[in-house]
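The next block holds one structure in the form of structure tokens; read it before the comments.
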Amino acid sequence: MNVCILIPTLNEEANIGQVIEGFIRQGFTNIFVIDGRSTDRTREIAERMGAKVVIQTGRGKGQAIREAFGMIDSDVVVIVDGDGSYIPDEVGRLLEPIKRGIADHVAGDRLASFENGAFTKLNLFGNKVLNFFFRLVYGVDVHDMLSGYRALTKKVYKSVELRKAGFEIETELTVETIAKGYRIMEVPITYKKRGGKAKLHPLKDGFKIAAAIYGLLKRYSPGRYFYFIGSALIFAGILMGAYVVYEWFKDVSHFLLAILTALLIISGLQVIIFGMMSDFLFRSNTDLRKEIREIREEIRWSGRKET
Ligand SMILES: Nc1nc2c(ncn2[C@@H]2O[C@H](COP(=O)(O)OP(=O)(O)OP(=O)(O)O)[C@@H](O)[C@H]2O)c(=O)[nH]1
Ligand SMILES: [Mg+2]
């Protein structure tokens, strides 16, 4: 099983050397640095240490990862931040479930360990809220979906469809994995304080990630995407209706509010029905795509036997 260590970097001269060195010490020689046009010595240091260094053509961590996936061909890719916050010695924890064939995508869970003190209070809170939100809307049990330390098998990293350019990339990787029916698993890892300067803006990127979590739900379950919107409309309608009825008992009539109540509940129901229909269409479409994938694999294997 050959493994490529993929490191996205943007001005990480303070950390990149020790990160690469750590992986080399573990016996990994295939190290791929995808750089976002750093203006410091990042690329020079990485090249000197024997890493393959490529400058990304676009912008953002997401675009960098997507581009790198197209250039890599090893059995497994390990993605790790170049900021020194993850420990190279712990890479075995990520690879173990893949070696044993029980997972296709393994993410390092920073929140499971007692040594997650490197989080700022805001980042820890934000991470917990976003993970809670993810579990709520997807109904899938993940605890650190924004982790920057993860291992993916070739079938996963070659089939995920990535469109997000920035820090929503981890969300998209998680959603694409479960939407395509691959097995994701979390293992506890340590999280250290990063050296150098953070590139992530907690509030701006936090809101973008929250929006991505909801927006990407369409790819996993379009039904759910509409059920939540429909339920919110109906909930608002019920609250308003309760107020209208309460006032009516006091001999006050709210005509316009009563109409609005009806509108909210009816449109909520319609959105839910729309969700049911899209779920139905999506399911048959997913089954079809799965069938096509299986047939394609079959053809590929029988082709191999003949040659
Ligand atoms: N190629 C590339 N790498 C990037 C870009 N932005 C950030 N990175 C790298 O992506 C990794 C994660 O970025 P960080 O700023 O550490 O983000 P974070 O780990 O989510 O946030 P912190 O907790 O503040 O460290 C680091 O190795 C960055 O150098 C980019 O635009 N292009
Ligand atoms: Mg970091």
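Here are a few things to note about the model shown:
- Relative packing of peptides 88-100, 191-203 - highest average C-beta neighbours within 10 Å first: 88-100, 191-203
- Taking the chain as a Gaussian network of alpha-carbon nodes connected by springs under 10 Å, the highest mean-square fluctuation of the residues Tyr243, Tyr225, Tyr157 belongs to Tyr243.
- Chain lengthening between Leu256 and Met277 when straightened (0.36 nm per residue, less Cα-Cα): 4.4 nm
- The accessible surface of the chain, taken with every protein chain in place and a 1.4 Å probe, is 61 percent carbon and sulfur.
- Reference-scaled alpha-carbon Rg (2.2 N^0.38 Å with N residues) for region 32-84: 1.10
- Acute angle (nearest 10 degrees) that the helix 202-215 long axis makes with the longest principal axis of the chain, alpha-carbon atoms: 70
- Exceeding the 22 Å Cα-Cα cut-off - candidates Lys61/Lys192; Lys155/Lys192; Lys128/Lys199; Lys61/Lys204; Lys99/Lys158; Lys99/Lys290: Lys155/Lys192; Lys99/Lys290
- Extension gain (nm, one decimal) between Ile24 and Thr120, 0.36 nm per residue minus Cα-Cα: 31.6 nm
- Theoretical ellipticity at 222 nm over the chain - DSSP helices of four or more residues, -39500 (n - 2.57) apiece, nearest 500: -18000 deg cm²/dmol
- Protection proxy ranking for 163-175, 50-62, 210-222, using the average of other Cβ atoms within 10 Å per residue and placing the highest first: 163-175, 210-222, 50-62.
- With eigenvalues of the C-alpha gyration tensor scaled by 5 and rooted, region 222-306, Å: 52, 8, 5
- Each eigenvalue of the Cα gyration tensor of the chain, multiplied by 5 and square-rooted, gives one semi-axis; in descending order these are 43, 26, 16 Å.
- Kirkwood Rh in Å, taken over all unlike Cα pairs in region 152-252: 17.4
- Fully extending the segment from Ser302 to Asp287, taken as 0.36 nm per residue of separation minus the present Cα-Cα distance, adds 3.1 nm.
- Between the helical axis of 169-179 and the longest alpha-carbon principal axis of the chain there is an angle of about 70 degrees.
- Ignoring aspartates and glutamates fewer than eight residues from Lys154 along the same chain, the ones with Cα atoms less than 12 angstrom from its Cα are Asp73, Asp75, Asp104.
- Reducing region 1-33 and region 56-124 to their Cα centroids gives an inter-centroid distance of 12 Å.
- The chain: angle of helix 255-306 to the longest principal axis, Cα-based, in degrees nearest 10: 30
- Average accessible surface for the chain: 55 Å² per residue, computed with a 1.4 Å probe over protein heavy atoms with every protein chain in place.
- The coefficient of translational diffusion for region 1-114, derived via Stokes-Einstein from the alpha carbon Kirkwood radius under 37 °C and 0.692 mPa s, stands at 227 µm²/s.
- Pairs of Cα atoms farther than 16 Å apart, region 109-154, %: 41
- Pairwise FRET efficiency - Lys192 versus Lys128, Cβ, R0 = 22 Å, nearest 0.05: 0.70
The values are calculated or read from the model by the stated rules, or taken from the named source; none is laboratory data. Since this is a predicted model, take the numbers as computed values, not measurements. In this analysis, Cβ positions are derived from the backbone assuming ideal geometry, glycine residues included, and neighbour counts consider all displayed protein chains. Heavy atoms of the whole protein, side chains included, go into the accessibility calculation; ligands, DNA and RNA do not. Shrake-Rupley method; radii C 1.70, N 1.55, O 1.52, S 1.80 Å.
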